[in-house]
1. Quick one: Cα centre-to-centre distance for the stretch B:51-74 and the stretch B:151-197, in angstrom?
2. Using 15 Å as the cut-off for backbone N distance, which residues of the stretch B:144-179 belong to the label zone defined by a point 7 Å from the Cα of B:LEU303 along Cα→Cβ?
3. How crowded by other chains is B:190-202, given as the mean number of beta carbons from other chains within 10 Å of each beta carbon?
4. Partner chain Cβ atoms within 10 Å, averaged over the residues of A:118-124 - can you pull that number for me?
5. Could you tell me which of A:SER32, A:ILE80, A:ALA141 has its Cα farthest along the dipole of chain A towards the positive end, charges placed at Cβ (Lys, Arg +1; Asp, Glu -1), taken about the Cα centre?
6. Just grab the label-to-label distance for A:HIS13 and B:GLU293, each label 7 Å out from Cα along the Cβ direction, in nm (one decimal).
7. By per-residue mean of other Cβ atoms within 10 Å, what is the highest-first order of A:38-45, B:9-16, B:170-177?
8. With θ set to phi - 60° and the Karplus curve 6.51 cos²θ - 1.76 cosθ + 1.60, what are the ³J(HN,Hα) couplings of the stretch A:83-92 in order, to the nearest whole Hz, using x for Gly and Pro?
Amino acid sequence: MNTNTDLVLIEDHIKRLQDSMITIEHNFEKLSKEYEESQKTFEKLLKECNISLGHAKAELNKIVDIADHCGLRPLPEIPIKDAKLQEAWKALYRYHDGATADMIAAYLGKHRTTVSTYLNMLEAENLAQKYRIGHVIYYKAVLQRDE
Amino acid sequence: MTQDTKNTTTIDLYKKIIVVYSPAGGNGKSEIAANLAYTLADAGKRVWIMDTNIYAPALDIILNIKSTPLSFLDVITPGNTKKKKLHLVKPIKASECPFSLYVTPAGYGDQDMRRDILEKIVIDDSKIQKIQKFILNELYENQIDLCIIDTHPGFELINKIWFAMTQSMLLISRLNDLDLRTLHILLKDIDIADIEKKLIVFNNVQMKDNQASYAMDNKEMLDKFKELIYQDGRKEELAGSPACNGNLCGSVEFYPNPFLYSKELSLYQQKGDRSLIFSKKKPDDEFSLRIRELASYICNNYLSS
């Protein structure tokens, strides 16, 4: 057995192993960077989608406003005599996909605390539904009351 | 919450709420509210009074309540209040009518905590709903005839919850130029304008030692104030109204008899002895007479049948 030759062979293999480890490390770094870049791209695209969705909703609301103004789409009446609740419900009805208290408050020109109270009153009367998306609470107008 | 056999809706329950409010502190709002609640309970009404002013609680002092199972602070802080009942005040002596006065004092807590709680409530829909559900549940379970909410004076945002829930408000104000100006601004606030019935009660609060309060002789000032309200556009609301020549001003009504903060009441407050509520201790005092008149007026005009 030639010990020197064996040692040289071992050294050679160790060096190659080290080279492979370095290559793996470099590739791993590249992979991480690629992943971060794609995450950023993903988030950027998601943000752009949400902005476009917001624009689309705003345009839809403008169309609904014009239709209401022209009397093309008469708003239904609800069985509540209270004028402020009627006003809140009609504002909510405009948002077919649902709306937050902040959105209704902005539309009515009232404080969101006031509107939140109205919407909870409507929900208690089964004239609105409440649901949550993440931390945000949405309301949706209900047309028929369950007797 | 389900409807009972008489089809009481949640809207019907909200009609039982009357909010007692004042644009400035020290107008005698809590004293009037507490004595009014006691007088109505004495007349056989089932009354619930809640102090929501957690910065300057007054109800527990005026009604001489040492501790209660449930305070308003308990309702607005995280936690379960389901098993806690409203405090029921015992009558001073047996009366002909059953006496039911439920009290929820404001509660005491650290100032920073109170500020933090109030700031969070007004932007949290679920917390607002918790308060509303609590009130509706107690109104229904205790078969309350009238719920009096004693509020923060001034423009605290939490007051918007009460303004949104109620259809009736008792506005307490002094009859001087500064308070009337604030009152005038207040009546233009959209949340207050939306309240169907507003009864303005003028209370002359003077607390000088050993001197009686000034007599209410400010008719000229009151007339000027009414004129301001009319100029704001209320006049068209009066057109055709049978109350045109009276005190009714659209949804704003002036209570015809101003309150007089008597020397007796001033001394009573300064002495710090609250073993008996003032209207019971001095039933013949001018203030007590006014309270009984106001209670009768509210029964006839503001309590839903």
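Readers should treat all values here as calculations from the given coordinates under stated rules, not as data from a laboratory. Bear in mind the structure is a predicted one, so any value in this text is a computation, not a measurement. A quick note on method: Cβ atoms are made from the backbone with ideal geometry, for glycine too, and the neighbour counts reach across all protein chains shown.
1. Going from one Cα centre to the other spans 22 Å.
2. Output list for this probe position: B:144-148.
3. 2
4. Partner-chain Cβ atoms within 10 Å, mean over residues of A:118-124: 6.
5. A:ILE80
6. It is 11.1 nm.
7. Averaged packing, sorted descending, gives the order B:170-177, B:9-16, A:38-45.
8. Residue by residue, the stretch A:83-92 yields 5, 5, 6, 4, 4, 5, 5, 5, 5, 5 Hz.
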